[in-house]
Amino acid sequence: MTSTAREPRSNGQWAVDGHTPLNHNEEFKAVDDPLTVRRRVEQVYATEGFDSIPADDLHGRLRWWGLYTQRRQDIDGSRTASLGPDELSDRYFMMRVRLDGGAVTTDQLRTLAGISVDYARNTADISDRQNIQYHWIEIEKVPQIWARLEAAGMKTTEACGDTPRVILGSPVAGIAADEIIDPTPTIAEIVDRFIGDPELANLPRKFKSAITGHPSLDVVHEINDISLVGVVHPELGAGYDLWVGGGLSVAPRLAERLGAFVRADQAAEVWYGVIRIFRDYGYRRLRNKARLKFLLADWGPEKFREILQTEYLGYTLADGPAPVVPGEPGDHVGVHTQKDGLHYIGLAPTVGRVSGDILGALADAAEAAGSHRVRFTPHQKLLVLDVAPDKVEALLAAVEPLGLTANPSPFRRSTMACTGIEYCKLAFVETKAAAADTIAQLESRLEGVPLDRPISLHVNGCPNSCCRIQIADIGLKGQLMKGADGSEEFAYQVHLGGGLASVHRDDAGLGRTVRGLKVTATDLPDYVERVTRAFVAGREADESFADWSHRVDEEALR
């Protein structure tokens, strides 16, 4: 009896398999360009209200304009995995404002503050993508918000969805004395030419970009789909080293160098080439395989570079050097001197949580110090630029009552948290308040304990790693566990010893999962204190937390 070989299953690659949609997400994108939903918001939904929005717009196309439905406040974490989007969704939205490079003027900051106060119940979070996120947004108010944002030179275009998301940029672009190359013109060119282009608005999934010219490597380049990192070529001068295929979530993978040097005048075209490779060759059949990292894993960097050069650029990129290991932290917290003699001041809120009132008061304080420029960072921090030396102390004093400090404790400086169950439909546990409470307790409990470098703590509400748990010293993945009485409790799976290339480590690496260890939210401060004290007592000379946590046996980590 003979058998017939089974035909290989289509991955939904446009350049290989054609454009036939293979799942519902691909179907609704094929039926109607998601960018066109804006017209329906302005002409129909803002007038007729939430109930007039059909499902494919509500849970799909609205994302192309930065809108996700918000989690219902009465749905606890035990029901996250069992309910559908309609059951989990409230009648309000999270709105994400796209801020490429994280750069705003003080006038724009006031616009952001006013929208928060007028339309978002005074909510505003600084995300680790340099965006501002609002909550409690009503569909009836969205056109008014867009109008205010756009009048101030900001937008929500492609802040979410299967699109080129916000471009991370160095927060010290154009001002740092040790900058290799200023990425500002490249970011501006990409945004002006390509963001909102329908030809790039139907990708297999999201596409994340990062560009920096600063030697601190301040844009987490190893976990983006494409990163351009400032380097100096021995013959061609300053330009960029090209990295592709990074991403975390439930299948973490660090980006790889293609070994290609990109001149400043080539940078936007190279970005355009890489995103079109993703559009044309990315896997569309399964959403959990629809990121660029899976294509790179199958192709390898050599094939990826060859396809980029032959099919999309039409020329060969020069070989180039790798970036130098950073010699300073990339969060830019503290007071620093700009190349023009003025100062920039890096301020730490608590886990990125601010408000419209805080943003408005910050704009006032910055202007009183002679500044008209603020930047958000990929570490949920913010910078005030262009402060005269004799105005620094006054600015620091003015922002301290706002919960912003240039001299944070080690844990306040290095702790991040995602949105969590408070607003996110995917979350199982609370994050922001749990992280803030842990910081406050650790500041007291570990006062006087010698930490020569911060231990990073990242708290995430679900497995998707929006807050980068696998690259933290202590990464916490939200899940549920049974309490002693059989009830469900907030808990976290623990990852230890991850990190990106930094002043404290030469290479990026993912954290170690401690088998079977779950820490409840109530026990979180106890656990972090315990593992920190174990590290301080057991480390070898100048050993980092990451090296220690990978070296010791699991009992030392419990």
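A probe of 1.4 angstrom, applied to the heavy atoms of all protein chains, finds residue 51 with accessible area near 120 square angstrom. In segment 193-301, the alpha-carbon atoms span a convex hull of 103 Å³ per residue. From largest to smallest, what semi-axes in whole angstrom does segment 1-83 give when each is the square root of 5 times an eigenvalue of its alpha carbon gyration tensor? They are 35, 21, 9 Å, listed from largest to smallest. Would you please classify the overall shape of segment 105-189 from the alpha carbon gyration tensor, given that a ≥ b ≥ c denote the square roots of the eigenvalues, rounded means a/c under 1.5, and beyond that prolate means a/b larger than b/c while oblate covers the rest? Prolate shape, in that a/c is at least 1.5 and a/b is the bigger ratio. Gyration tensor analysis over the Cα atoms of segment 65-156 returns equivalent ellipsoid semi-axes of 27, 14, 11 Å (largest first, whole Å). Near residue 465, once Lys and Arg are set to +1 and Asp and Glu to -1 for all other residues with Cβ below 12 Å from its Cβ, the sum equals +2.
Once you list every other residue whose beta carbon is under 15 Å from the beta carbon of residue 182, what net charge do they have if Lys and Arg are +1 and Asp and Glu are -1? Counting the neighbours of residue 182, the net charge comes to -3. Helix content alone sets the calculated 222 nm mean residue ellipticity of the chain: runs of n ≥ 4 DSSP H residues at -39500 (n - 2.57) each, divided across all residues, give -7500 deg cm²/dmol. Just the protein heavy atoms count here, and of the accessible area of segment 104-148 at 1.4 Å, carbon and sulfur take up 47 percent.
For a straight C-alpha distance cut-off of 18 angstrom, the aspartates and glutamates reachable from residue 518 (same-chain residues fewer than eight places away being disregarded) are 430, 473, 485, 488, 489, 526, 529, 553, 554, 555. Within the set 29/208; 339/391; 208/303; 29/289; 293/432; 425/477, which residue pairs have Cα atoms separated by over 23 Å? From 29/208; 339/391; 208/303; 29/289; 293/432; 425/477, over 23 Å: 293/432. Three semi-axes describe the equivalent ellipsoid of the chain; taken as square roots of 5 times the Cα gyration tensor eigenvalues and ordered largest first, they are 33, 29, 28 Å. Along segment 129-144 the Karplus relation, 6.51 cos²θ - 1.76 cosθ + 1.60 evaluated at θ = phi - 60°, assigns HN-Hα couplings of 10, 6, 8, 9, 10, 9, 10, 6, 7, 9, 4, 5, 9, 4, x, 5 Hz to successive residues, with x for each Gly and Pro. Scanning residues 5 or more positions from residue 380 or on other chains, those with amide H under 5 Å from its amide H are 130, with H placed 1.01 Å from N in the peptide plane. Solvent-accessible surface of segment 455-558, taken per residue with a 1.4 Å probe and all protein chains present: 41 Å². Packing order of peptides 106-117, 144-155, 85-96, highest average first: 106-117, 85-96, 144-155 (average count of other Cβ atoms within 10 Å over each peptide's residues). Shown for the chain: cysteine residues without a partner Cβ closer than 4.7 Å, namely 160, 424, 462. How would segment 442-498 be classified by its alpha-carbon gyration tensor: rounded, prolate or oblate, with rounded meaning a/c under 1.5 and the a/b versus b/c comparison settling the rest? Judged from the Cα gyration tensor, segment 442-498 comes out oblate (a/c at least 1.5, b/c at or above a/b). Karplus-based coupling profile of segment 158-170, in residue order and whole Hz: 6, 6, 9, x, 7, 9, x, 6, 3, 8, 5, x, 4, with θ = phi - 60° in 6.51 cos²θ - 1.76 cosθ + 1.60 and x standing for Gly or Pro. Ranked by the mean number of other Cβ atoms within 10 Å per residue, highest first, peptides 159-172, 458-471, 323-336 order as 159-172, 458-471, 323-336. Annotation: amide H of residue 479 within the under-5 Å range of 491, 492, 493, sequence separation 5 or more or interchain, hydrogens built in the peptide plane.
Within the accessible surface of segment 196-280, defined with a 1.4 Å probe on protein heavy atoms only, the carbon and sulfur portion equals 48 percent. Out of every Cα-Cα pair that segment 1-151 contains, those further apart than 18 angstrom amount to 66 percent. Taking amide H atoms as placed 1.01 Å from N in the peptide plane, the amide H of residue 238 lies under 5 Å from those of 233, each 5 or more residues away in sequence or on another chain.
The string of couplings for segment 428-443 from the Karplus curve (6.51, -1.76, 1.60, θ = phi - 60°) is 9, 9, 7, 10, 4, 5, 4, 5, 4, 5, 5, 4, 4, 5, 5, 4 Hz, one whole number per residue in order, with x for Gly and Pro.
Computed with a 1.4 Å probe over protein heavy atoms only, the accessible surface of segment 256-323 comes to 39 Å² per residue. Rounded, prolate or oblate for segment 145-194? Axes are the square roots of the Cα gyration tensor eigenvalues, ordered a ≥ b ≥ c, and the cut-off for rounded is a/c under 1.5. Taking the square roots of the gyration eigenvalues as a ≥ b ≥ c, segment 145-194 is prolate.
When a 1.4 Å probe is rolled over the protein heavy atoms, the share of accessible surface on segment 16-74 that falls to carbon and sulfur comes to 47 percent. Ranked by the mean number of other Cβ atoms within 10 Å per residue, highest first, peptides 220-230, 17-27 order as 220-230, 17-27. With kT/(6 pi eta Rh) evaluated at 4 °C and eta = 1.567 mPa s, and Rh the Kirkwood radius from Cα pairs, segment 330-377 diffuses with a coefficient of 109 µm²/s according to Stokes-Einstein. Note on residue 506: accessible area is roughly 100 Å² with a 1.4 Å probe, heavy atoms of protein only. Taken over the C-alpha atoms, segment 263-362 has Rg and Dmax values of 20.5, 54 angstrom.
Would you mind getting the accessible area per residue of segment 116-221, heavy atoms of the protein chains only, 1.4 Å probe, in Å²? I get 27 Å² per residue for this part. Computed on the chain, with alpha-carbon pairs under 8 angstrom and 6+ residues apart, the relative contact order is 13 percent.
The values are calculated or read from the model by the stated rules, or taken from the named source; none is laboratory data. Bear in mind that the values here come from a model prediction, so they are computed numbers and not experimental data. Virtual Cβ from ideal backbone geometry, glycine too; neighbours counted across all protein chains shown. Accessible surface areas use protein heavy atoms only, side chains included; no ligands, DNA or RNA. Shrake-Rupley method; radii C 1.70, N 1.55, O 1.52, S 1.80 Å.
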